[in-house]
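**Student:** Quick one: the structure is below, and I'll ask about it shortly.
The values are calculated or read from the model by the stated rules, or taken from the named source; none is laboratory data. The model shown is predicted, which means the values in this text are computed figures rather than measured ones. Cβ: placed from backbone, ideal geometry, glycine included. Neighbour counts: every protein chain shown.
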Amino acid sequence: MSETLRTGPTAASHADPAAPDPRRWRALVFIALAQLMVVLDGTIVNIALPSAQRDLGISDGNRQWVITAYALAFGGLLLFGGRIADMWGRKRTFITGLIGFAAASALGGAANGQAMLLGSRALQGVFGALLAPAALSLLAVTFTQAKERAKAFGIYGAIAGGGGAVGLILGGFLTEYLNWRWTFFVNVPFAVVAALGAIFVVAEPKGQRNRASLDIPGVLLSTLGLVSLVYGFTRAESDGWSDSVTIGSFVAAVVLIGSFLLVEGRVKAPLLPLRVVTDRTRGGIYLSLGLAIIAMFGLFLFLTFYLQVVKGYSPVKTGFAFLPMMAGMITGSTQIGARLMTRVPARFLMGPGFLLAAVGMLFLTQMEVGSGYASLVLPAELMLGLGMGTAFMPAMSLATHGIQPRDAGVASAMVNTSQQVGGAIGTALLNTIAASATTAYLTSHAGKGGDARLLQAQALVHGYSNAIWWAVGILLVAATLAFTLVTTGNRKTGPAATSGDGETADAKSADTEIADIPVIAH
């Protein structure tokens, strides 16, 4: 029998134990608000970083740690956070994550030196790793009916995809009209409102916790492995791919993650049950979503630099320049993905969505120093937004679909892990490609005379275009994976049978409609 999130005994719940929670849409508001806070924090600090560096006297060599400290803690602890949510309770973990994130943000806003700022960023990452998987798993158990689930995940997918652009806009406003400290303080009201809403509105079904003992070797190996992987890519961005520490980090990551997978296949209560990732559809979701995030983070990076450095936009104007992409994501997620998810196979939303985003990227490969916003950037953003929004919506829903209640937190953590690792890879890989192409362009045009500033701008744009070509290829691979691996989806409308192991039996076949099967059964 499917279970839904309930807030207490009601007439409806006495009459029908599977009746939807009457407060579920209000619960969505607070879950979505928490997710928005976590996602926008990934970009809001970027715009404020130069000001914070000046005020606190942070050296050029250490400034990257303002970003890296958050990424390492968040990416490294996500699986652990998902397991805590399954064991401790999703609502309790959600509220704890919110309170801790707010406290860490307040500490960052009040920082009086480098050490205090970096420490606060690491704490934000720790509590974000608790908060993010708890939020997604709460959403998964709250909305189990087909059409409502489609709408709810449409909203969530739009936030997950567009939150980074919101961070750019908000970061520009706060930095330009207040000061950089408000890019931290702004999280406090977000977190307080979401926590109060969770306390009074959100409840969790009973009997769905995984009370097995914690897999300590798995926690240590996964955390160290993911930290090594994320650090390797961030180190590559600053010190190059041939740097000995970069290579050592990647070697350590391979050894640790390989050891982690071996351990998880043998222990009685694994941190990451391999059934979560070996499912063909879920594995395809994690891979294609991670690849798409690689391309998307690269886009945010290059488009921000193009608009500010080459075109001379202010931080606020740059933020507003991303609005069409946000609008496209919201439209693609809530109006296309959500409306079609109950009618067509999910792969026919994800695959075409990634392809449309690739076409948008293809437009941007044609950028030049004198390119106009309306003629080039705007149509590219609209296609990217529509494509990503359409693809993200079913991806978010499928990633936790058909999962056993005891694994919901870990499955949700894997979504965030693929995004976080994808973001680290995208920033490092594409930035390195762009930097190499820029250097090569300057070398080949040296000594030819002309305006030095124009030559520098042309070299930068050449580098961005080269890196975006790679992003186009990455999105094509993501589309291919979505078409071939995401096999869930046909137009069946009847209820699915339930197998003895707690998974819907049809969820294991290629002919299952995601939206017509309860997300959790027992």
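**Student:** Report yes if some residue within segment 328-339 is in contact with a Ser or Thr (Cβ under 6 Å, 6 or more places away or on another chain), more than 29 Å from GLY312 (Cα to Cα), modelled with pLDDT under 85 and in a loop (DSSP other than H, G, I, E, B); otherwise report no.
**Tutor:** Filtering segment 328-339 down to residues in contact with a Ser or Thr (Cβ under 6 Å, 6 or more places away or on another chain) leaves 332, 336-337.
When the remaining residues are screened for being more than 29 Å from GLY312 (Cα to Cα), the result is 332, 336-337.
If we keep only those that are modelled with pLDDT under 85 as well, we get 337.
Now restrict to residues that are in a loop (DSSP other than H, G, I, E, B): none.
Within segment 328-339, not a single residue is in contact with a Ser or Thr (Cβ under 6 Å, 6 or more places away or on another chain), more than 29 Å from GLY312 (Cα to Cα), modelled with pLDDT under 85 and in a loop (DSSP other than H, G, I, E, B).
**Student:** Say we look at segment 241-254 and pick out the residues that are assigned to a helix (DSSP H, G or I) and in contact (Cβ under 8 Å) with a residue 24 or more places away in the chain; which of these is farthest from THR278 (Cα to Cα)? Reasoning before the result, please.
**Tutor:** Step one: filter segment 241-254 for residues assigned to a helix (DSSP H, G or I), giving 244-254.
Cutting the leftovers down to in contact (Cβ under 8 Å) with a residue 24 or more places away in the chain gives us 252-253.
Values: ALA252: 23, ALA253: 20 Å.
The selected residue is ALA252.
**Student:** Considering each residue of segment 84-103, count those that are crowded, with 24+ Cβ neighbours inside 10 Å and either of a type outside the set (D, E, K, R) or at pLDDT 90 or above (or both), and give that number. I'd like the intermediate steps shown before the answer.
**Tutor:** Initial filter on segment 84-103 (crowded, with 24+ Cβ neighbours inside 10 Å): 84-86, 90, 93-94, 97-98, 101.
After this cut, where a residue has to be either of a type outside the set (D, E, K, R) or at pLDDT 90 or above (or both) as well, the list is 84-85, 93-94, 97-98, 101.
Qualifying residue count for the region: 7.
**Student:** Another question, if that's okay. Taking the options GLY409, GLY402, name whichever one is modelled with pLDDT under 75, in a helix (DSSP H, G or I), within 30 Å of ALA71 (Cα to Cα) and of a type in the set (Gly, Ala, Ser). Give the derivation first.
**Tutor:** On the way: GLY402 fails: in a helix (DSSP H, G or I).
After applying the criteria, what remains is GLY409.
**Student:** Condition check: more than 17 Å from VAL415 (Cα to Cα), assigned to a helix (DSSP H, G or I) and either more than 14 Å from the chain's Cα centre (by Cα) or at pLDDT 75 or above (or both). Does ALA115 satisfy that?
**Tutor:** Working: more than 17 Å from VAL415 (Cα to Cα): yes; assigned to a helix (DSSP H, G or I): yes; either more than 14 Å from the chain's Cα centre (by Cα) or at pLDDT 75 or above (or both): yes.
Yes.
**Student:** What pairs come out if I take residues in segment 126-144 that are more than 14 Å from ILE155 (Cα to Cα) and pair them with residues that are of a type in the set (S, T, N, Q) and buried (at least 24 other Cβ atoms within 10 Å of the Cβ) whose C-beta lies under 7 Å away, six or more apart or interchain?
**Tutor:** From segment 126-144, the pairs are LEU130/THR93; ALA132/ASN416; PRO133/SER412; PRO133/ASN416; ALA134/THR93; SER137/THR400; SER137/SER412.
**Student:** Right, another one. Please verify whether segment 129-149 includes one or more residues that are at pLDDT below 75, closer than 14 Å to SER397 by Cβ, buried (at least 24 other Cβ atoms within 10 Å of the Cβ) and in contact with a Phe, Trp or Tyr (Cβ under 9 Å, 6 or more places away or on another chain).
**Tutor:** Looking through segment 129-149, at least one residue is at pLDDT below 75, closer than 14 Å to SER397 by Cβ, buried (at least 24 other Cβ atoms within 10 Å of the Cβ) and in contact with a Phe, Trp or Tyr (Cβ under 9 Å, 6 or more places away or on another chain).
**Student:** Quick check on segment 217-245: of everything there that is β-branched (Val, Ile, Thr) and under 24 Å from the mean Cα position of the chain (by Cα), which residue is nearest to LEU429 (Cα to Cα)?
**Tutor:** At the first step, the residues of segment 217-245 found to be β-branched (Val, Ile, Thr) are 219, 223, 227, 230, 234, 245.
Those left that are additionally under 24 Å from the mean Cα position of the chain (by Cα): 219, 223, 227, 230, 234.
Working: VAL219: 27, THR223: 22, VAL227: 17, VAL230: 12, THR234: 9 Å.
The qualifying residue nearest to LEU429 (Cα to Cα) is THR234.
**Student:** Between residues in segment 357-380 that are of a type in the set (S, T, N, Q) and residues that are part of a helix (DSSP H, G or I), which pairs lie under 6 Å by C-beta distance while being six or more apart or on different chains?
**Tutor:** Every condition considered, the pairs that remain are THR365/SER465; THR365/ILE468; THR365/TRP469.
**Student:** Further, regarding this structure: So if I check each of SER412, SER397, SER418, SER465, which one is out of contact with any His (no Cβ under 9 Å at 6 or more places or on another chain), of a type outside the set (D, E, K, R) and farther than 23 Å from GLY75 by Cα? Walk me through how you get there before you give the answer.
**Tutor:** On the way: SER412 fails: farther than 23 Å from GLY75 by Cα; SER397 fails: farther than 23 Å from GLY75 by Cα; SER418 fails: farther than 23 Å from GLY75 by Cα.
Answer to the check: SER465.
**Student:** Looking at (1) touching a Ser or Thr at 6+ places or on another chain (Cβ under 8 Å); (2) crowded, with 22+ Cβ neighbours inside 10 Å; (3) of a type in the set (A, V, I, L, M), find the lone condition where VAL276 falls short.
**Tutor:** (1)
**Student:** Please state which of the following conditions LEU261 fails to meet, knowing it meets all the rest: (1) crowded, with 19+ Cβ neighbours inside 10 Å; (2) touching a Leu at 6+ places or on another chain (Cβ under 9 Å); (3) not hydroxyl-bearing (Ser, Thr, Tyr).
**Tutor:** All conditions pass for LEU261, except number (1).
**Student:** Condition first: crowded, with 16+ Cβ neighbours inside 10 Å, modelled with pLDDT under 90, closer than 26 Å to MET396 by Cβ and in the same structural domain as ALA434 (by TED's automatic domain parsing). Can you find one or more residues in segment 346-369 that meet it?
**Tutor:** There is at least one residue in segment 346-369 that is crowded, with 16+ Cβ neighbours inside 10 Å, modelled with pLDDT under 90, closer than 26 Å to MET396 by Cβ and in the same structural domain as ALA434 (by TED's automatic domain parsing).
**Student:** From (1) among the hydrophobic types (A, V, I, L, M, F, W, C); (2) buried (at least 24 other Cβ atoms within 10 Å of the Cβ); (3) touching a Lys or Arg at 6+ places or on another chain (Cβ under 8 Å); (4) closer than 29 Å to SER59 by Cβ, pick out the condition that doesn't hold for ALA110.
**Tutor:** If we test ALA110 against (1) among the hydrophobic types (A, V, I, L, M, F, W, C); (2) buried (at least 24 other Cβ atoms within 10 Å of the Cβ); (3) touching a Lys or Arg at 6+ places or on another chain (Cβ under 8 Å); (4) closer than 29 Å to SER59 by Cβ, just (2) comes out false.
**Student:** I'd like the residue in segment 204-249 that is of a type in the set (S, T, N, Q) and at pLDDT 80 or above and, out of all such residues, is surrounded by the most Cβ atoms within 10 Å (Cβ to Cβ).
**Tutor:** Quick first cut of segment 204-249, residues of a type in the set (S, T, N, Q) only: 208, 210, 213, 222-223, 228, 234, 238, 242, 244, 246, 249.
Then drop every residue that is not at pLDDT 80 or above, which leaves 222-223, 228, 242, 244, 246, 249.
Numbers: SER222: 28, THR223: 22, SER228: 21, SER242: 8, SER244: 8, THR246: 21, SER249: 21.
Applying the filter and picking the extreme gives SER222.
**Student:** Could you list, in sequence order, all residues of segment 297-314 that are buried (at least 24 other Cβ atoms within 10 Å of the Cβ) and in contact with a Gly (Cβ under 7 Å, 6 or more places away or on another chain)?
**Tutor:** PHE297, GLY298
**Student:** Could you say which residue among ALA69, ALA104 is within 28 Å of GLY426 (Cβ to Cβ), assigned to a helix (DSSP H, G or I) and under 19 Å from the mean Cα position of the chain (by Cα)?
**Tutor:** ALA69
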